[in-house]
Amino acid sequence: MVDTKNATLLIKRYASRRLYNTETSDYVTLEDISGFIRSGRDVQIIDLKSGDDLTRQYLLQIIAEHEGRGESVLPLGVLTDLVRSYTTEVNSVVPQFLAQSFEMLRNGPANMMGNLGGSLPSIPGLEAMQAQQEAFLKAMTGGMPNAWPSAAKDTKPAEKEDLGDIKKQLAELQEKLSKLS
């Protein structure tokens, strides 16, 4: 028996643009697909005729619809930076940067500060990206200092000092960046 809870859900798009759930043998909407994803399912959307993977296109459409309805998750600055990243040399690191940011959100704050730049040591402008990443994470958590209270309780005094040093360094970097603008 296949474990459908963890398997990628295959959605086929017909020529009529209707979306067909191969698991339940019925048609679905973008809202249904959004619900599958929110419940933890991975989804793949394939064009039936050409075999093209349309998943990225539909995920972007879902995000655009949510943002358009006022369910804004992405601050205007982040959206602007995303658009800019398509026309700059930085576009090659943006996917990795975003993936790491969301991975840190999933893993909680205990790993967050350790991961800031931990695996990107050779990228030019890393400090600026780290400052942007902190701002992004702050925006995603609504700036709540106790977004994960259990991790704050477990923090050792030495880690608190390291965190303070990192925050000070990031503030200095942000100040330098604002002077460059």
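FYI, it's all coordinate maths here, none of it is from the lab. Keep in mind that what you see is a predicted model, and the values were worked out from it rather than measured. In this analysis, Cβ positions are derived from the backbone assuming ideal geometry, glycine residues included, and neighbour counts consider all displayed protein chains.
Here's how it looks for Leu74: its modeled amide H is under 5 Å from none belonging to a residue 5 or more places away or on a different chain. The orientation-averaged projection of the convex hull spanning the C-alpha atoms of region 9-68 amounts to 3.9 square nanometres.
List the GluC sites (Glu not before Pro) within region 34-88 that fall in a DSSP loop (any state other than H, G, I, E or B) and whose Cβ has at most 16 other Cβ atoms within 10 Å.
On the way: sites: Glu65, Glu67, Glu71; in loops: Glu71.
The qualifying sites are Glu71.
Database remark: amide H of Leu54 closer than 5 angstrom to the amide H of Ile45, Ile46, Asp47 (H placed geometrically; neighbours at sequence offset of 5 or more, or on other chains; Pro and chain starts carry no H). In this simple spin-label model, placing a label point 7 Å from the Cα along the Cα-to-Cβ direction at both Thr87 and Lys49 gives a separation of 3.4 nm. Across region 96-107, coupling constants 3J(HN,Hα) worked out from phi with the 6.51/-1.76/1.60 Karplus curve, θ = phi - 60°, read 5, 4, 5, 4, 5, 4, 5, 4, 5, 4, 5, 7 Hz, and Gly and Pro carry x.
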